[in-house]
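Please read the structure below before turning to the comments.
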Amino acid sequence: MTSLTHILRPVGRTAAATARRQYYFSRRPFTTSFTTYPRNTTPPKFFTYPIASFHVTSRHQNRDGPPPTDFASMDVLGSAPVPSTTVDICMSDGFQLNSGARIRDGSGVILVGGEAFSWQPWLARGEHRLLNAKGQWEIPNETLGLLSLIWPRPDLLVLGLGPENRPISPELRRHISSLGMRVEILDTRNAAAQFNLLATERGVNDVAAALIPIGWKEGIGANW
């Protein structure tokens, strides 16, 4: 059986930069002066004409339609720090992460717990094949052995199967379920985008990803 150390290889990482914003507030004292008048004295009238009511509208009002919408202010994740293991680029033979780390030479990647591991699940079979006789995507259970070693485990595993989406074998689905994880199956481009969104929104400890390069060809690999 192929050793797990041959299938997985840690990828160097750099700490994600954090930005700190400082806000400065200034306060001006508000003072009010009052004028008193002797008792039984009628105060002078400062207005000799009736005061009409008025309506204030924004000076940026669009008279031809509703006011413009600032979508940037509606981005609830705009100020959230992006994890260093999110995927910046999906290449035909690998990936580039937000940390600047690159996985090349046709290797896939496992992203879990804020760490990245170069992943070659086809080595367990000794050939560049990820499909079974029925055309289902299937890899040996030991190729996901890393996920059985960590605790607590992520709630969700996002599988990126390469350039196209396929059904996975029932045996592989049962194995992932036995680890206490749900699985979402997508092509690699959409899987990377989904992982980036969920990792930013929920955190890197709640979601993991296992991705095959988009240049993968059955029987050839992604390094061609």
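The values are calculated or read from the model by the stated rules, or taken from the named source; none is laboratory data. Being a predicted model, the structure only gives us computed values, none of them experimental. Here the Cβ positions follow ideal geometry from the backbone for every residue, glycine too, while neighbour counts run over all protein chains shown.
Reported count of residues in the range 200-221, each being buried (at least 17 other Cβ atoms within 10 Å of the Cβ) and either at pLDDT 95 or above or more than 18 Å from E115 (Cα to Cα) (or both), is 11.
When the residues of the range 72-119 are filtered to those that are among the β-branched types (V, I, T) and outside any strand (DSSP E or B), the one that is modelled with the lowest pLDDT is V76.
From the list I168, I176, I150, exactly one residue is farther than 22 Å from G113 by Cβ and either in contact with a strand residue (DSSP E or B) (Cβ under 7 Å, 6 or more places away or on another chain) or among the hydroxyl-bearing types (S, T, Y) (or both). Which is it?
Numbers: I176 fails: farther than 22 Å from G113 by Cβ; I150 fails: farther than 22 Å from G113 by Cβ.
Just one listed residue meets the conditions, I168.
Counting the residues of the range 189-199 that are surrounded by 21 or more Cβ atoms within 10 Å (Cβ to Cβ) and free of Cβ contacts under 8 Å to residues at least 40 places away in the same chain gives 1.
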